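The values are calculated or read from the model by the stated rules, or taken from the named source; none is laboratory data. From a predicted model like this one, the values you see are computed outputs, not experimental measurements. When we count neighbours, we look across all protein chains shown, and the Cβ atoms used for this are built from the backbone with ideal geometry, even at glycine.
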Amino acid sequence: MTFSNLVAPFRKFSRRNILVFFAVLGPGIITANVDNDAGGITTYSLAGARYGYSLLWMLLPTTISLVVVQEMCARMGAVTGKGLSDLIRESFGLRITFYIMVALFLTNLGNTISEFAGIAAGMEIFGVSKLVSVPLAALLVWLLIVKGSYRIVERVFLFACVIYLAYPLAALSADVHWGEVALASVTPSFPADGGYVAMMIGLVGTTIAPWMQFYQQASVVEKGITVEKYGYTRLDVIIGCVFAVVVALFIVVACAATIYRQGLPIETAADAALALKPLVGEYASWLFGVGLINASLFAAGVLPLSTAYYICEAMGWELGIDKNFRNAPEFFWLFTISIVVGALTILVPGMPLLAVMYVSQVVNGVVLPFVLILMLLLINNKRLMGAYVNGPIFNAVAWVTVFALIVLTALMTLDTVWPGMISTMVSWIAR
Amino acid sequence: MSEIYVSAVLGRPVIDPAGVELGRLEDLRLVPGELLPLVSGLFIRNRGKRHFLPWGAVTLFTPVVVSARADGLRVEDAADADTPDIRLRRDVLDRQIVDVDGAKVVRVNDLKLRTRGANLFVEAVDVGIRGMARRLGQLRFWNWLAGVFGAKLPFREINWRFVAPLDLNADRLTLTVARERLTDLHPADIAEILAQLPHKEVGTVLGSLDPETVSEAIGELDPELGGRVISQLDSEQASDILEEMEPHEAADLLGDLPEEKAKELLGLMDAEDAEMVQELLEHEEDTAGGLMNNLFAFVPPAMTAEEAINYIRLVGAEVDNIYYVYVIRADETPLGVVTLKRLLLSPPKTPVAEIMTVGLKAVAVDDGPETIMEILSKYNLLAVPVLDDGGRMVGTVPADDVLKMFLPESITRKRFAAH
């Protein structure tokens, strides 16, 4: 992927080209932004609040790996016209597909629960009880998908992306030394601190989740993007990834310039929003609150939807937002169940929330390597991709990225199972 | 005669008569049979190598044991790998196929084989939950689970004769039955199947149908999706299909294509058809000019009822709505309209000028859908004539096309969701 390759769609800079680009725009931007969900925002807030600007340098490699992985999915979608689970089923058989789907269902359910937790926490900043906000949010998301068509849903999602600008606004209202930020963004640092390393891995881990590849590819297919228009879609993917990481940067910066400088301890994204109030002002706190609610709501819509999508695709059941309960029952029940379970877990007192998140995180770590490796095998399959297989250089980059992601995810998963494992390892190496 | 599910035999050991294991069954090669596809040999994997065993060498083929004489066994060579053969696991299992009876696209979960004499046939594909459970080796568990709820797992097997594979190679395995049935489907059903297919495979299905059926099916698609289908085909085939379509449908389609592609296709079309379409393309999409159909039935005022009926018999095949026959002066301005009913019921020698309804309700070329709808509903018309700036009649807008624009988006989009 060279620069000339990138701007190729715009070489003939005309009104028509711009229009085509806006028509194709969507899948990449939406997918990358859902990535900044409740879990992501929490991680970024904590990274900024605990380690100041020192973790900013991780964002650049994260962007690159995100683009590499998502670009391959978008390309497969455009070339084959099939979703990722479709390709996995056809190339690797029912058994592998079935177990991957079960795993994905579990991890997405866990993620959906954390999105509803994000909504509850975000609304509580504004004094709304979770008994009101969570059922309302669940209903809203459910209605949007059941009653809307793909075009409407996409438009709503694209609009939700704009609300992420709340974070840059919040960061700009804080007292930030931008020179320091710029320097920190390109200066790697490796202190022998277990918590720092764990946070470093967490940053990458929240950014690349298995559902994203499926969702990206499915929405490229649903949109009917073909090889001829693929140049624009690649641009869409890159813009989306860059935008998502820029939002992450502003979250880290806002928390670093305020909470970190004051040395306040925080545990969640809602803590961060509340901590901003005395430091920057009430509206900064509100902006953070709105950002969290929007991100959680957005992801609470996309995650159940994408789960339903790829499970139905793999199993050969009818699917599509434009269908209904009667002609695509499995599709509609799957995401209804995800939403209901997600919302109920938050509402019912005494639900083992932490245990659920724990299982979800572990399953996530186990399934991601499989998905990434299968993906690389598929994209290098000439029978499927023809002339659009990876080039040798890109392929090397892709394998290195995937390998690095697998190692990082494995570490993160092990640290979830045996807390403190990374700290022990770091101190062991530093000795 | 016994039946065997492929899921039960794949991966099983294949032994020779002495009981020595030759390898594990990996795949089956299929050839077209008289009625159903025939198994012509087995692929066996042994120590990382794939071997081919012709069917003639197989002595026993049951879910419990597969045995064969080892003399036919040979390592798969480059020639085997290059021949465009069809393999059951690689090309059929887990693939999407068209269920011609149900008019939808389904996925193959399992295949039912049947022995008849010395031969082994593919009899049916299993597309249901039963096949899935069987593949996973959990059929008993799922049966038990269903039993707990007082239900039975449904059988969903489709006879091979009623499926149309989407793989070009595997396609040779079906006889004409599925194809004929596919052509017999209602164009709206074909359109729905097309909308469910990955864009690469649309060509396979279309290639097996005649241009007339294809043009009707594409006309049923949402123009955006239809345009995509057309641009996937080679230009020669695409222009043939466009010629068969009604000019206003073809124009809608071309309007959604990139300009160069549209010009190329127009150039390849028959000059007369192309001109009709070109005329419609010049108007804005959401105006009477863009919605209208420029083929309509018209007669001069001096014609008699009998002559008019004969004339309609002659040209009617080309015209969408023959119920309204417009009476038009030599300068193409309309005088009135006469219904087919009126023509049939009047004495044969009456000139149409005497039986026509005057005071024709018409719309202008640049009128919007609201204006057209208003006139259609106010006067209870099936179609409304469109006049250009000089008052000449250039086409008619049928009521159903305008109606579509006023239906809620959910109804119109529901049918042809692309995914």
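Inspection of the range B:55-75 finds no residue satisfying the criterion of being buried (at least 16 other Cβ atoms within 10 Å of the Cβ), in contact (Cβ under 8 Å) with a residue 60 or more places away in the chain and not hydrophobic (A, V, I, L, M, F, W, C). Condition check: free of Cβ contacts under 8 Å to residues at least 24 places away in the same chain, more than 14 Å from every other protein chain (Cβ to nearest Cβ) and part of a helix (DSSP H, G or I). Does A:Leu136 satisfy that? In short, yes.
When the range B:118-146 is examined, which residues are found to be buried (at least 22 other Cβ atoms within 10 Å of the Cβ), farther than 30 Å from B:Ala57 by Cα and of a type outside the set (A, V, I, L, M)? Correct list: B:Arg130 only. Within the range B:27-50, restricting attention to residues that are at pLDDT 85 or above and in contact with a Gly (Cβ under 8 Å, 6 or more places away or on another chain), the residue that is surrounded by the fewest Cβ atoms within 10 Å (Cβ to Cβ) is B:Arg45. Any residue in the range A:321-332 that is modelled with pLDDT under 85 and within 24 Å of the chain's Cα centre (by Cα)? Scanning the range A:321-332 turns up at least one residue that is modelled with pLDDT under 85 and within 24 Å of the chain's Cα centre (by Cα).
Give A:Pro27, A:Pro61 a once-over and let me know the one that is within 14 Å of chain B (Cβ to nearest Cβ) and closer than 30 Å to A:Ala270 by Cα. Answer to the check: A:Pro27. The residue list B:Arg134, B:Arg140 contains one member that is of a type in the set (D, E, K, R), under 30 Å from B:His51 (Cβ atoms) and either touching a residue at least 24 places away in the same chain (Cβ under 8 Å) or touching a helix residue (DSSP H, G or I) at 6+ places or on another chain (Cβ under 9 Å) (or both), which is B:Arg134.
Just the residues that are among the polar types (S, T, N, Q) and not in a helix (DSSP H, G or I), please, taken from the range A:177-204. Listed by number, the residues that qualify are A:Thr187, A:Ser189. A:Ala269 fulfils the conditions (1) buried (at least 23 other Cβ atoms within 10 Å of the Cβ); (2) over 21 Å from A:Leu59 (Cβ atoms); (3) in contact with a Leu (Cβ under 6 Å, 6 or more places away or on another chain) except for a single criterion, (2).
Restricting the first member to the range B:186-207 and to residues that are over 13 Å from B:Gly226 (Cα atoms) and facing chain A (nearest Cβ under 10 Å), and the second to residues that are crowded, with 20+ Cβ neighbours inside 10 Å and of a type in the set (Ser, Thr, Tyr), the beta-carbon pairs closer than 8 Å and six or more apart or on different chains are B:Pro198/A:Thr80; B:Lys200/A:Thr80.
Across the range A:254-266, the qualifying residues are those that are crowded, with 19+ Cβ neighbours inside 10 Å and of a type outside the set (S, T, N, Q), and the one among them that is nearest to A:Glu115 (Cα to Cα) is A:Ile266. The set of residues in the range A:360-419 that are modelled with pLDDT under 85, touching a Pro at 6+ places or on another chain (Cβ under 8 Å) and within 19 Å of A:Arg89 (Cβ to Cβ) comprises A:Val367, A:Leu368. Does A:Ile346 qualify as being crowded, with 16+ Cβ neighbours inside 10 Å and over 30 Å from A:Ser91 (Cα atoms)? When the stated conditions are applied, A:Ile346 passes them. Among the residues of the range A:54-81, the ones that are closer than 22 Å to A:Ile393 by Cα and not charged (D, E, K, R) come to 18 in all. If you check A:Val186, A:Val128, A:Val146 for being surrounded by 13 or more Cβ atoms within 10 Å (Cβ to Cβ) and touching a residue at least 12 places away in the same chain (Cβ under 8 Å), only one passes: A:Val146. State whether the residues of the range B:97-117 include one that is of a type in the set (Ser, Thr, Tyr), surrounded by 19 or more Cβ atoms within 10 Å (Cβ to Cβ) and in contact (Cβ under 8 Å) with a residue 40 or more places away in the chain. No: zero hits.
Where helices (runs of 4 or more DSSP H) sit wholly within the range A:9-62, those with at least 1 residues that are at pLDDT below 80 and over 16 Å from the mean Cα position of the chain (by Cα) occupy A:15-24. Among the criteria (1) in the same structural domain as B:Pro347 (by TED's automatic domain parsing); (2) under 26 Å from the mean Cα position of the chain (by Cα), the one B:Thr304 does not fulfil is (2).
Rundown of residues vs (1) touching a residue at least 40 places away in the same chain (Cβ under 8 Å); (2) more than 14 Å from chain B (Cβ to nearest Cβ); (3) touching a helix residue (DSSP H, G or I) at 6+ places or on another chain (Cβ under 7 Å), yes/no style:
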{"residue": "A:Ala275", "(1), (2), (3)": "yes, yes, yes"}
{"residue": "A:Ala284", "(1), (2), (3)": "yes, yes, yes"}
{"residue": "A:Leu292", "(1), (2), (3)": "yes, yes, yes"}
{"residue": "A:Phe298", "(1), (2), (3)": "yes, yes, yes"}
{"residue": "A:Pro304", "(1), (2), (3)": "yes, yes, yes"}
{"residue": "A:Glu313", "(1), (2), (3)": "yes, no, yes"}
{"residue": "A:Glu330", "(1), (2), (3)": "no, no, yes"}
{"residue": "A:Phe335", "(1), (2), (3)": "yes, yes, yes"}
{"residue": "A:Ile339", "(1), (2), (3)": "yes, yes, yes"}
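Residues in the range A:71-91 that are within 11 Å of chain B (Cβ to nearest Cβ) and not hydroxyl-bearing (Ser, Thr, Tyr): A:Gly77, A:Ala78, A:Val79, A:Gly81, A:Lys82, A:Gly83, A:Asp86, A:Leu87, A:Ile88, A:Arg89, A:Glu90. Among the residues in the range A:66-83, are any more than 22 Å from the chain's Cα centre (by Cα) and assigned to a helix (DSSP H, G or I)? Looking for residues that are more than 22 Å from the chain's Cα centre (by Cα) and assigned to a helix (DSSP H, G or I), one finds at least one in the range A:66-83, hence yes. Output the number of residues of the range B:231-249 satisfying the condition of being in a helix (DSSP H, G or I), touching a helix residue (DSSP H, G or I) at 6+ places or on another chain (Cβ under 7 Å), under 30 Å from A:Leu87 (Cα atoms) and more than 12 Å from every other protein chain (Cβ to nearest Cβ). Selection size over the range B:231-249: 2.
Restricting the search to the range A:205-242, which residues are without any contact (Cβ under 8 Å) to a residue 40 or more places away in the chain and either away from chain B (no Cβ under 14 Å) or not in a helix (DSSP H, G or I) (or both)?
Listed by number, the list holds a single entry, A:Gly224.
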